[in-house]
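See structure below.
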Amino acid sequence: MYTLITGATSGIGRSFALSLGSKGKSLILIGRNEKELKKLTHFLQVKRKVEVIPIQMDLTQTDSISKLERFLEKNKIQLEMVINNAGKGLYGPFKELDLEDQENLIDLNIKAFTKLSKTVIPFMDKGGTLLQLASIAAFGPGPYMATYYASKAYVLSFSLALERELKKEGIKVAVLCPGPTRTAFFERAKMEKVSFAKLFYQTSEEVVRYTYKQLSKNKTVIVPGIVNKMMVAGLRYLPLQVAAFLVALTQGEK
Ligand SMILES: NC(=O)c1ccc[n+]([C@@H]2O[C@H](COP(=O)([O-])OP(=O)(O)OC[C@H]3O[C@@H](n4cnc5c(N)ncnc54)[C@H](OP(=O)(O)O)[C@@H]3O)[C@@H](O)[C@H]2O)c1
């Protein structure tokens, strides 16, 4: 039985890999950065003595997930857990952001995410867990990160629908919705100057620890941190335009 993690080379995915490795779990790790993937695999195999299958792959490339499916089939892999984590953000006014970059975000956060969900289910048995990475951004509109917020709203809605459908098959679907977490995400999204988020940073280790606790209580929507919980409550219950106004302020609108 394996745990498959996408985006295992950095941030939250890497913390899950390290934590599950120290619990002795066999892992399939997916990421683009070959050097990081090799380093992590070596560490887990040598220091934690766990089985690791590293797969270097860009999930947005046509055919990459079909190749993964063929690999799982050929090797008769069974998955006890899948952490559908790989994702990216883009910060800036929608009309100024490059369209190709935004399409790539949709390809990763929505298209590859959905394809992966579909691909792994046949390899999971009763008792398996599919953990889907959304964000507190899933709960409202996100001016200056419009595509990202919308993509995470998709992740949340899609995953809750799937949770209902897969319940009777004994497969648990949970949605992790972190708030600002200190990873490479901010630099990659070009958000270094957005100071509001940094006030409430959590570490990826904190997010991972909290997730396990909530999974053990069979929770479905997991929001780590009291400030994040308050923000989610605000986003859900305020009129949507008020929520958009407040998010715009936190994103540095002048
Ligand atoms: N950090 C936050 O504040 C925060 C808050 C809420 C939700 N999240 C969500 O948490 C998830 C993980 O983000 P993070 O904060 O850990 O960011 P991160 O440190 O930038 O890690 C992103 C991971 O996704 C992988 N990835 C990116 N594009 C890929 C592609 N085309 N194909 C395959 N793998 C790809 C990266 O692999 P390479 O490095 O090998 O390219 C990396 O391992 C994302 O879904 C993000 O939206 C993050």
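Throughout, read-outs are computed from the coordinates displayed, never taken from laboratory work. Model, not experiment: these values are computed from the prediction. With ideal geometry, Cβ positions are generated from the backbone for all residues, glycine too; neighbour counts draw on all protein chains shown.
Some notes on this structure:
- Potential extension, LEU160-GLN241 segment - 0.36 nm per residue separation minus Cα distance: 26.7 nm
- Helix axis angle, 204-216 relative to the chain longest principal axis, alpha carbon, degrees: 70
- When ILE222, ILE12 are sorted by how many other C-beta atoms sit within 10 angstrom of their C-beta, beginning with the fewest, the order is ILE222, ILE12.
- Beyond 23 Å in Cα-Cα separation lie the following of the pairs LYS152/LYS190; LYS167/LYS217; LYS23/LYS115; LYS47/LYS217; LYS23/LYS47: LYS23/LYS115; LYS47/LYS217.
- Along the axis of the charge dipole computed for the chain (Cβ charges of +1 for Lys and Arg, -1 for Asp and Glu, origin at the Cα centre), the listed residues ALA174, LEU20, GLN202 are led at the positive end by LEU20.
- Residue exposure sequence - VAL232, VAL46, VAL173 - by fewest surrounding Cβ within 10 Å: VAL46, VAL232, VAL173
- Within a Gaussian network of the chain (alpha carbon springs, distance under 10 Å), most fluctuating of ASP63, ASP107, ASP125: ASP63
- Packing-based exposure ordering (other Cβ within 10 Å, fewest first) of ILE77, ILE5, ILE65: ILE77, ILE65, ILE5
- Percent RCO, i.e. relative contact order, over the stretch 2-250, from Cα pairs under 8 Å lying at least 6 residues apart: 19
- Pair-distance distribution of the chain: all C-alpha pairs, bin width 5 Å, starting at 0; shares per bin in whole percent are 1, 6, 13, 18, 20, 17, 12, 7, 4, 1, 0, 0.
- In the chain, the longest principal axis of the Cα atoms and the axis of helix 64-74 are about 30 degrees apart.
- Cα gyration tensor shape for the stretch 101-153, rounded if a/c is under 1.5, else prolate or oblate: oblate
- Debye, to nearest 20: dipole size of the stretch 2-250, +1 on Lys, Arg Cβ, -1 on Asp, Glu Cβ: 900
- For the chain, the longest principal axis of the C-alpha atoms and the axis of helix 146-167 are separated by about 50°.
- Once the Cβ-Cβ distance of ARG32 and SER195 is raised to the sixth power relative to R0 = 30 Å, the FRET efficiency obtained is 0.55.
- Only Cα sites of the stretch 148-231 enter the Debye sum here, all with the same form factor; the resulting log10 I(q)/I(0) across q = 0.10, 0.19, 0.26 1/Å is -0.29, -0.95, -1.33, listed in q order.
- Shape of the stretch 71-211, Cα gyration tensor, a/c cut at 1.5: prolate
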